[in-house]
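Step one of this worksheet: look at the structure below.
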Amino acid sequence: METVSGFSKLSKDQKIDWLKNQISCGDEELNAIKSFWHKDNEVQDKLDDFSENTVGNFILPFGLAPNFIINEKVYTIPMVTEESSVVAAASKSAKFWATRGGFKAKVISTTKSGQVHFKFKGSFEKLKTFFSLKKSSLLTHTEKITANMDKRGGGIKNIELVDKSDQLENYYQLDVKFETCDAMGANFINSVLENLGQNLKFEADEYSNFNRIEKDIDVIMCILSNYTPECIVRVHVECPIQDLGSHGELSALEFANKFHDAIQISKVDTSRAVTHNKGIFNGIDSVVIATGNDFRATSACGHAYAAKDGVYRGLTSCTLDDDIFKFEMTLPLAIGTVGGLTSLHPMSKISMKILGNPCAKDLMSIIATAGLAQNYGAISSLVTTGIQKGHMKMHLLNILNQLNADIKVKEKAILYFSDKVISHASVREFLERQYH
C-alpha cells in the first residue's frame with residue numbers, strides 16, 4: 001500500500017479505483033464490494049454519511065428471537081450478530097422461561113456523567129471557594145444548550161468539583177451528572193461540557209482573588225464518560241428448583257447446583273469471568289447494534305463495572321435459597337431511542353418497531369434481558385452437554401459454505417451430522433466421500 005493525499009475528497013468510485021490499483025484486485029473483487037451497495041440510492045447515500053471514506057456496506061445477519069416475556073409483556077427481539085448459536089440460545093432461553101414467569105426487569109437509575117478535566121496551580125481551598133461562588137454562573141452559561149432537554153425533564157442534575165491532585169499533580173475535575181431522557185445524549189453532554197470548560201477559564205480569568213498563575217486554568221479536555229455506574233438496570237428470572245426440570249442425566253436439583261457452581265467460578269476466576277461476560281455481551285451487543293446504539297460504549301462500561309470492586313468478576317449471580325432458583329444481573333447500560341443511528345438507520349427503525357417503539361428505560365430492560373438469556377443458555381449448555389455440541393451444530397453451515405458444498409450435499413450433511421460430533425476435518429471427509 002502507498003500513502004495517499006486527498007483520499008477523502010475522492011468519489012466512491014475513485015476510492016475503489018485507487019484500491020484496485022493498490023491491491024491489484026480484479027473486477028470480481030470490486031464487483032463484490034459494489035454488490036453490497038443498497039439498490040436505493042437515497043438509502044445508500046444515508047449509509048455513506050454514517051462514516052468516512054466509505055466504499056461499500058458490510059452486511060451482518062439480522063435475526064429474531066421470539067417468545068421473550070419481560071415484565072409480563074411479550075417481545076420478539078431483533079439481534080444482529082454473525083456468531084453461530086447466539087440467536088438460537090437466546091430464543092431457547094426465552095421459550096424456557098416463558099412458562100416459568102418470564103423475565104423481570106427494573107431500571108434503577110438513568111444518570112450519566114461527564115467531566116471537565118483541568119489543571120490548577122494553586123491551593124484547593126481557593127479553588128473550592130471560587131467554584132462555590134461561580135457554580136450558578138457556570139450553569140447559567142449552559143442554559144441555551146440545555147433548554148430543550150430541560151423541557152423533556154432532563155438536563156444537568158448536578159455539578160461537583162473533584163480533587164484528583166493526589167493522583168496527578170494539579171489535576172482537578174468538574175464532574176457533571178446528566179439526565180438525557182430517551183436520548184443516549186453523547187453530543188448533548190459533550191456540548192455542555194465544552195461550554196463549561198470555556199466558561200471555567202473565563203470565570204477564573206475574571207476572578208479577582210486569583211493571582212496571575214491561578215487565573216491560568218489549563219483545561220485539558222471536556223468529554224462524557226462511557227462508564228455509567230449510575231445508569232443501571234436489573235433483570236432476573238426465578239422459579240422453584242423442581243420447576244427447572246431434568247436436564248439430560250441431571251435432576252433439577254443437580255442442574256441447579258452445577259449452574260450455581262459455574263456462576264460462582266466466574267466470580268473468583270478472571271480467566272473464566274472474561275469468557276462468561278463475553279457471552280453476556282453476545283446477547284447485549286446484538287440488540288444494541290440492531291437498535292442503532294453504541295455497542296463499544298456498552299461493552300466498555302459493562303466490563304469496567306465487572307471490575308468495580310478491584311477484581312474482574314462475572315456479571316451474573318445465582319442463588320438457591322428456600323428451594324428457589326434465582327438468576328439475575330445488574331448492569332450499567334446507557335442507550336437511547338431517539339437521535340443518532342436509531343432514528344436514521346432503516347434497519348434500526350424497523351428494530352424499534354418490532355420492539356413496539358420502547359422508551360429508553362424499556363429498551364434498557366430488553367437489552368439486559370437478552371444478555372441474561374444468553375448467559376443462561378450458555379451456562380446450561382456448559383454444565384450439561386457442553387458448549388460445542390450446540391455451537392458446532394450451528395457452525396456446520398459455515399463450514400459447508402467455506403468448503404463450497406452445493407445445496408443437495410448441504411442437506412445430506414445436516415442429516416448426517418444430526419447425531420455426530422462436528423469438526424472441520426469430519427465435514428471435509430464427508431464432502432470428499434460425496435464428491436469422489
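Quick notes on this one:
- Among the residues of region 143-183, those identified as closer than 30 Å to Ile213 by Cα, in contact with a strand residue (DSSP E or B) (Cβ under 7 Å, 6 or more places away or on another chain) and part of a loop (DSSP other than H, G, I, E, B) are Lys164, Ser165, Asn170.
- Here Thr129, Thr81, Thr142, Thr99 are screened, and the one residue that is more than 33 Å from the chain's Cα centre (by Cα) and among the hydroxyl-bearing types (Ser, Thr, Tyr) is Thr129.
- Residue under evaluation Asn195, criteria (1) in a loop (DSSP other than H, G, I, E, B); (2) touching a strand residue (DSSP E or B) at 6+ places or on another chain (Cβ under 9 Å), criterion not met: (1)
- Yes/no for Asp27 being charged (D, E, K, R) and within 19 Å of Pro346 (Cβ to Cβ): no
- Of the helices (runs of 4 or more DSSP H) contained entirely in region 3-120, those carrying at least 3 residues that are surrounded by 20 or more Cβ atoms within 10 Å (Cβ to Cβ) fall at 86-98.
- Residue pairs whose Cβ atoms lie under 9 Å apart, separated by 6 or more positions or on different chains, with the first residue in region 344-365 and under 17 Å from Thr330 (Cα atoms) and the second in a helix (DSSP H, G or I) and at pLDDT 95 or above, are Leu363/Val287; Leu363/Met352.
- Filter pass, Leu196 being surrounded by 21 or more Cβ atoms within 10 Å (Cβ to Cβ), modelled with pLDDT of 95 or more and of a type outside the set (Ser, Thr, Tyr): yes
The values are calculated or read from the model by the stated rules, or taken from the named source; none is laboratory data. Just so it is clear, the model here is predicted, and its values are computed rather than measured. Neighbour counts run over all protein chains shown; Cβ positions are idealised from the backbone, glycine included.
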